[in-house]
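One structure is given below, encoded as structure tokens.
The values are calculated or read from the model by the stated rules, or taken from the named source; none is laboratory data. What you see is a predicted model, and the numbers here were worked out from it, not measured in a lab. We place every Cβ from the backbone using ideal geometry, glycine too, and count neighbours over all the protein chains shown.
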Amino acid sequence: MTFRMDRRRVLLAGAAGFGASALSLPRVARAAAYPSERAITFICPWPAGGTADVTMRALCQAAAKVLGQTVIIENRAGASGMLGTKVLSTAKPDGYTIGQVPISVTRFAQLRTVQLDPLKDLTYLARVNGQTFGLAVRADSPWKTLAEFVAAAKAKPGLISYGSAGIGGATHVGMEEFNLLAGIQLNHIPYKGGAPALQDLLGGQVDAVADSSSWAPHVKSGKLRLLVTWGETRTKDFPAVPTLKESGYDLVVDAPNGIGAPKGMDPAIVARLRDAFRKATADPEFIAVCDRIDAPVMYLDQPDYEKYIQATYRKDTQLIERLKLRELLAKG
């Protein structure tokens, strides 16, 4: 009896030792098996229903087909996209938490509104698509052109309001650059994302909205009027609407979306994800969603995407000073 018990203890100890040994070989074994362990969580740092959320859902569906694993969208909105970005940067770097990285992280990090270093604390996987930004008003507003909007703003400094996805974000900074060029002063109302700003425009709580193309369906339905777009060229869906450059303002804003992960990931897992998102950006269903909301595919693989991040960081250093963004943030 004693012999049998001792032998059983030896067998259990051996099994436990084998299990510990297997767990001590994570980089080779787990990277090779990735992502078979469980579903992947994708952090979208914007509210559900906005343009970023819509495109990221389509992209993740396409990537899931390549990876052979479910990708679950988790909306972590707030702080102009930085709440979700911070959560992403502090997640376990095992490949099971990835997410959208707003390009504005290069600006917010320098403004100290998010405590992370975008050049060191994130793994950049791919730049995927751009956004079509524009300034929209309700169809019943008195402004039929951008020139009329500017004239009204000059006549009533600070009285015309516009909503954006948050202080310091691409739409807010783009509007501040436009305001300087146009010589006007508007009343900025920051939101936690473009979707709630759009709802308040439709409801009459703000006079205008500066956002990516969440306004597009409402412009097509006749509820809203699009005064101007911010891209290099006119959009496919709204060819009659001029760009800022055509309107006499030397300004282009596109703020491409990127896919990232925490730092310190296994190179084999990084390679797997890079391959998945490269193929996902070429997926016809993702391209169709992007086309529908004028969010052009702007793919860059990791090396070029990292260079783009570094260049944007340097540009934002100058932009912060020129627009006095620290002072604007202090005022709220």
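Across the range 266-298, the number of residues qualifying as assigned to a helix (DSSP H, G or I) and either of a type outside the set (D, E, K, R) or under 24 Å from Gly134 (Cα atoms) (or both) comes to 17. Within the range 270-280, being surrounded by 22 or more Cβ atoms within 10 Å (Cβ to Cβ) and either free of Cβ contacts under 8 Å to residues at least 60 places away in the same chain or under 15 Å from Tyr124 (Cβ atoms) (or both) holds for Leu273, Ala276, Phe277. The single condition from (1) crowded, with 17+ Cβ neighbours inside 10 Å; (2) over 21 Å from the mean Cα position of the chain (by Cα) that Ala197 fails is (2).
Scanning the range 96-122 for residues that are modelled with pLDDT of 95 or more, under 25 Å from Lys279 (Cα atoms) and crowded, with 24+ Cβ neighbours inside 10 Å yields Ile98, Gly99, Gln100, Val101.
Within the range 82-94, residues that are free of Cβ contacts under 8 Å to residues at least 40 places away in the same chain have Cβ atoms under 6 Å from residues that are hydroxyl-bearing (Ser, Thr, Tyr) and part of a helix (DSSP H, G or I) in no pair, counting only partners at least 6 apart in sequence or on another chain. For the range 127-146, indicate whether the set of residues that are closer than 22 Å to Lys263 by Cβ and either at pLDDT 95 or above or surrounded by fewer than 20 Cβ atoms within 10 Å (Cβ to Cβ) (or both) is non-empty. Checked against the condition, which is being closer than 22 Å to Lys263 by Cβ and either at pLDDT 95 or above or surrounded by fewer than 20 Cβ atoms within 10 Å (Cβ to Cβ) (or both), the range 127-146 yields at least one hit. Of everything in the range 235-252, what is of a type in the set (Val, Ile, Thr) and at pLDDT 95 or above? Give them in sequence order. Answer for the range 235-252, where residues must be of a type in the set (Val, Ile, Thr) and at pLDDT 95 or above: Val241, Thr243.
In summary, strands (runs of 3 or more DSSP E) completely within the range 100-175 and bearing 2 or more residues that are of a type in the set (Gly, Ala, Ser) and in contact (Cβ under 8 Å) with a residue 24 or more places away in the chain occur at 134-138, 161-164.
Across the range 89-99, which residue is nearest to Gly169 (Cα to Cα) among those that are outside any strand (DSSP E or B) and of a type outside the set (A, V, I, L, M, F, W, C)?
Here the residue is Ser89.
Taken over the range 58-77, the criterion of being outside any strand (DSSP E or B) and within 12 Å of the chain's Cα centre (by Cα) is satisfied by Arg76, Ala77. Looking at Tyr305, Tyr299, can you tell me which residue is within 20 Å of Ala109 (Cβ to Cβ) and surrounded by 15 or more Cβ atoms within 10 Å (Cβ to Cβ)? On inspection, the qualifying residue turns out to be Tyr305. Restricting attention to the range 151-169, the residues being surrounded by 24 or more Cβ atoms within 10 Å (Cβ to Cβ) and either among the aromatic types (Phe, Trp, Tyr) or at pLDDT 90 or above (or both) number 3. Selection of the range 209-224 for residues being out of contact with any Ser or Thr (no Cβ under 7 Å at 6 or more places or on another chain) and buried (at least 17 other Cβ atoms within 10 Å of the Cβ) yields Val209, Trp215, Ala216, His218, Val219, Leu224.
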